[in-house]
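The structure under discussion appears below in the form of structure tokens.
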Amino acid sequence: MAVNALSFVLFVWICSQVDGQEAILHVSNGSTVREYCLVYNSSWSSISDSLSTAVAYPLVNLISSYLCERGQQGSLNDQAVVVKRYSCDFSQKALVAQSLNASVLLIATTDSLVMPSANDSEYSKVKIPLALMRHRDILDALQVFPQGMEVRLYSPPVPPFDGSIVVMLLIAVFTVTMGGFWSGAAEKLKQAAGPASDAGEERSDGSELSLYSPLKVLLFVAMMCVMLVLMYFFYRWLVYVIIVIFCLASASALYNCLDSLMTAMGCGTLSVSCSGRNISIRSLLIAAVCITLSVIWGVYRNEDRWIWILQDLLGVAFCLNFLKTISLSNFKICVILLSLLLLYDVFFVFITPFLTKNGESIMVQVALGPGAGGKGDGIEVPGENSSSYEKLPVVMRIPQFSALAQNLCMMQFSILGYGDIIIPGLLVAYCHKFDVWMGNSRRIYFISCAIAYAVGLMVTFAVMLLSKMGQPALLYLVPCTLLTSSILASVRKEFRHFWSGTGTYQVLDESRKPLLSDGDAGGVRSC
């Protein structure tokens, strides 16, 4: 349950928070070329936007000096100089370098690369470009170019629209649609099996659960709030609990998805008898594959270059299995759950910054990790002495295709929380079940709600791009899906049945009556 509560995290679009913060240091000597990551302040330093227009300067190595005051350095006419960080502030180093007629100041550090800044009064005094680079990078450059080097600084512009947004949209819509389809297909199989079979095997498919009481929904949302707050205060310990739970849950979910897929394709189980028991070879092979993939993710979870592919695969399986396993008994429960989670999302995104000491959103802080910031005041590139932190594995991650120098500084991702897939997906699944109950062969409710989800997600992306801020996706997804479903049910004059969860083909088993609450004894299905 903990992983379910923590899966409802904010959709966060990690884009370049300040234009041109990342730059590239192009180092050459003859035919040998190397490029390294730089971080600079675009409001302080002006850097060329292309390599062809960047001016080349010979580099002077003063890595053993802080350059906090003029000494025996001599003149640095039309040269770039690299010095050590600390001992004095950035502006003082820049003014000293400027007094020595240097053209570029590079500051090497073993700590994280953050946007260099100074007092407002200092900005106008500094006339030369200033940027931070990793200490290990300058050591590498000195080893590669022992005879001296020529450097150029450039910062290609990042387009406002990135192709990863399309991939994220397709993954989310695919997961919601397939999860809703799977849930409805399972309901159709139960219906075909007949009421007697359904009553005798309440959970014959393995683990279907139903939210049917408003009180249970309130308790569920309250638990999510508590878990999110606990994650905010005890992130460094609880994150490992979530990682272990995710490994177990995703392996189980992937097994259920693959097993159901192979069953639908008509693949045989090929059972063998051992000690009087029949053992399915197919199940053993699928289980071995799922456990292996889960263990690989657990071991290499911090390898950003490629592990996102496996995380997204496990994440899709997790969401699909969740949508198949958890069902909402009627539209009233859908409205209560989605409305409460909309308030939950908005509160922890927009209100909590006014309540926290650092002015950061609790949702963003938990979603991105304590070391990732979240206020949008600048990027932070990990350095040699940077403290590493674990990230919650409850988001879909797609690398930004146009991210500047992502192989030099760090990979930047578009991120979508599982909750922004699962929560509207539960409504889409309910719509498909209602189509089955009402005998709608065209699946009008299911298709309409899935389209509404896609439209809501596109609206989220559009607002995000226009505002240049991460958005709580449920703020747009909940109204789109709820309004579309409500209007469709009203137009078809089926709103009463849609609200209560009753349909032409739904049968209420007497053994389940005690599970019903709030007077919904008119045919509401429960687990």
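The values are calculated or read from the model by the stated rules, or taken from the named source; none is laboratory data. Keep in mind that this is a model prediction, so the values were computed, not measured. Don't worry about glycine lacking a Cβ; one is built from the backbone with ideal geometry, like all the others, and counts go over all protein chains shown.
Can you tell me which residue in region 323-357 is surrounded by the fewest Cβ atoms within 10 Å (Cβ to Cβ), limited to those that are under 22 Å from the mean Cα position of the chain (by Cα) and among the aromatic types (F, W, Y)? Filtering region 323-357 for residues that are under 22 Å from the mean Cα position of the chain (by Cα) and among the aromatic types (F, W, Y), the one surrounded by the fewest Cβ atoms within 10 Å (Cβ to Cβ) comes out as F350.
Among residues of region 165-178 that are closer than 15 Å to L426 by Cβ, those with a Cβ under 9 angstrom from a residue that is of a type in the set (S, T, Y), sequence gap 6+ or separate chain, pair up as A172/Y453; V176/Y453; T177/Y453.
When L59 is tested against (1) in a strand (DSSP E or B); (2) surrounded by fewer than 19 Cβ atoms within 10 Å (Cβ to Cβ); (3) among the aliphatic types (A, V, I, L, M), just one condition goes unmet, and that condition is (2).
The conditions of being more than 23 Å from Q147 (Cα to Cα) and at pLDDT below 80 are not met by G74.
For region 132-165, the set of residues classified as out of contact with any helix residue (DSSP H, G or I) (no Cβ under 9 Å at 6 or more places or on another chain) and among the β-branched types (V, I, T) consists of I138, V144, V158, listed by residue number.
When region 432-482 is limited to residues that are in a helix (DSSP H, G or I) and of a type in the set (S, T, Y), the one that is farthest from L189 (Cα to Cα) turns out to be S467.
Scanning region 110-123 for residues that are in a helix (DSSP H, G or I), at pLDDT 90 or above and assigned by TED's automatic domain parsing to the domain that holds I47 turns up nothing. Somewhere in region 140-156, is a residue buried (at least 19 other Cβ atoms within 10 Å of the Cβ), at pLDDT 90 or above and in a helix (DSSP H, G or I)? There is at least one residue in region 140-156 that is buried (at least 19 other Cβ atoms within 10 Å of the Cβ), at pLDDT 90 or above and in a helix (DSSP H, G or I). Within region 233-249, does at least one residue satisfy the condition of being assigned to a helix (DSSP H, G or I), in contact with a strand residue (DSSP E or B) (Cβ under 8 Å, 6 or more places away or on another chain) and either among the hydroxyl-bearing types (S, T, Y) or surrounded by 15 or more Cβ atoms within 10 Å (Cβ to Cβ) (or both)? Within region 233-249 (the criterion being assigned to a helix (DSSP H, G or I), in contact with a strand residue (DSSP E or B) (Cβ under 8 Å, 6 or more places away or on another chain) and either among the hydroxyl-bearing types (S, T, Y) or surrounded by 15 or more Cβ atoms within 10 Å (Cβ to Cβ) (or both)), the answer is no, since none of the residues qualifies.
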